[in-house]
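The values are calculated or read from the model by the stated rules, or taken from the named source; none is laboratory data. None of these values were measured; they are calculated from a predicted model. Cβ placement follows ideal geometry from the backbone for every residue including glycine, while neighbour counts extend to all protein chains displayed. Quick note on the areas: whole protein, heavy atoms, side chains included, nothing else; ligands and nucleic acids left out. Shrake-Rupley method; radii C 1.70, N 1.55, O 1.52, S 1.80 Å.
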Amino acid sequence: MFTRKYIKHGRLLVRHAEKLLRYRKDVLSDATILDLETHIERLHKALRDRDEKAVTAESEKLHGRYTEHLPTPKDAAWRENVEVILVAIVVAVGIRSYFLQPFKIPTGSMQPTLNGIIGHRAFVAREEEIPLDQKPGYEQRGDGWYWKSYPADGSKPNILRQVAEFFVLGRNYINVVSDHDENVVREIKAKKIAFFFTFSEIHCDKQTFRFVYASPDTLKQDFKVFPGGRYNKGQVNARGAIDTGDQVFVDKFSYNFVSPHRGDVFVFRTDNIPAIPGDPETGEHSFYIKRLAGLPGDTLRIDPPLLYANGKLAERFGFKRVMDRKNGYQGYSNPPNATYLNSPKATFRLPDHSYFAMGDNSYNSFDSRYWGPVPEPNLVGRGLFVYWPFTWHWGLIR
């Protein structure tokens, strides 16, 4: 490590030139071999004398001779580009596997800390049909309530605004209108493209709507489109906008060295949790993101809107924000149909090597209160950063 740079460079060049002679001695002319050997010996002498100027000069001469006789590989440009692409893929896979993995928030269980996919209907007949977290986005116009982003005639905003809203807010607009009378919805199928983008196919008895940018769950919950629904010609099946769920980076590295902390937003696999079934078609299990409410050995209790850990009020920032019931947070709840913590007096002590997961949107979260603790091997990592869309959620996750 203390050797001068020009000495290292000279020695490396000598080594490569000698290697070239060994590999190509049978195809090089005697004059070429003698010329290379002469320049190698001159550089050797300059290196022994530690003469920087001589080493630099002889290195340049030997490099010129050396490169003249290197074999030219076929399709060098193609090979170089393929190598660059392969290296980039290997690096990306390595980072994704061991350091940072991107995830998309599909549901609203962590709202308003993290947004899932949200559908906004262009028109709602009655105010009570508007979800509480969307009321500020609607205004009354004559016969009903309209989402503010839509013009009064129900048409989409202009294309420039749509493009800008997609890149900044992750927003897409849908407009599904029936072309037939007595058109009955038979089935809604989910289609995924490039992992992140979920579309639906709405199969009716008289027509099929393809590439509807909304998941089947979003169409049912936010647009009231479900099998058995009947539509006449010109009637709107689904018109409005879809805000994509927050896209987050998950830190998969730190949990290898430090223990999870109460209050972390963490991601885990759902296999080995019997109450959470896998995909009915593939059998694959999904990933959930929740807040880590309990560590191994903790005793938890909920007295709405408060969460207690080991007899004390939960102290971390994330818990306090939920319990304050401000800015969209509603506090913690005791669902009567839950298996655990279903009343203010109910307590639960976590067994070893397991964690208790809860959503910040406690009244609308399917979490450990229903299906129990998360086994330690299921932990994937800590939610680190919202990288898209560029809403007020963008940045570090707290």
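Annotation note: of LYS156, LYS148, LYS220, LYS191, the sole residue that is at pLDDT below 85, of a type in the set (Lys, Arg) and within 18 Å of ILE117 (Cα to Cα) is LYS191.
For the stretch 199-212, filtered to residues that are in contact (Cβ under 8 Å) with a residue 24 or more places away in the chain and either touching a helix residue (DSSP H, G or I) at 6+ places or on another chain (Cβ under 6 Å) or crowded, with 17+ Cβ neighbours inside 10 Å (or both), the residue that is nearest to GLY395 (Cα to Cα) is VAL212. PHE317 satisfies every condition listed in (1) open to solvent by 10 Å² or more (accessible area, probe 1.4 Å); (2) modelled with pLDDT under 90; (3) out of contact with any Leu (no Cβ under 8 Å at 6 or more places or on another chain) except (2).
Of all residues in the stretch 139-161, count the ones that are touching a strand residue (DSSP E or B) at 6+ places or on another chain (Cβ under 7 Å) and either surrounded by fewer than 16 Cβ atoms within 10 Å (Cβ to Cβ) or assigned to a loop (DSSP other than H, G, I, E, B) (or both).
Our first condition is that a residue be touching a strand residue (DSSP E or B) at 6+ places or on another chain (Cβ under 7 Å); within the stretch 139-161, this holds for 139, 144-149, 152, 154, 156.
Subsequent filtering for residues that are either surrounded by fewer than 16 Cβ atoms within 10 Å (Cβ to Cβ) or assigned to a loop (DSSP other than H, G, I, E, B) (or both) retains 139, 144, 148-149, 152, 154, 156.
Total satisfying the criteria: 7.
Checking GLY278, GLY240, GLY311, GLY297 one by one, the residue that is touching a His at 6+ places or on another chain (Cβ under 6 Å) and open to solvent by 20 Å² or more (accessible area, probe 1.4 Å) is GLY278 and no other. If you go through the stretch 281-294 and pick out every residue that is farther than 11 Å from TYR332 by Cβ, charged (D, E, K, R) and either assigned to a helix (DSSP H, G or I) or open to solvent by less than 60 Å² (accessible area, probe 1.4 Å) (or both), you end up with 1. Those strands (runs of 3 or more DSSP E) of the stretch 329-398 in which at least 2 residues are open to solvent by less than 50 Å² (accessible area, probe 1.4 Å), considering only elements entirely within it, cover 354-358, 379-388.
Looking across the stretch 97-138 at every residue that is assigned to a helix (DSSP H, G or I) and loosely packed, with under 14 Cβ neighbours inside 10 Å, the one that is nearest to the chain's Cα centre (by Cα) is identified as SER97. Filtering the stretch 25-50 to residues that are open to solvent by 70 Å² or more (accessible area, probe 1.4 Å) and either of a type in the set (A, V, I, L, M) or in contact with a helix residue (DSSP H, G or I) (Cβ under 9 Å, 6 or more places away or on another chain) (or both) leaves LYS25, VAL27, ALA31, LEU34, GLU37, ARG42, LYS45, ASP49, ARG50. One residue stands out in the stretch 167-218 among those that are out of contact with any Lys or Arg (no Cβ under 9 Å at 6 or more places or on another chain), of a type in the set (A, V, I, L, M, F, W, C) and not in a strand (DSSP E or B): the one that is nearest to LYS104 (Cα to Cα), namely ALA194.
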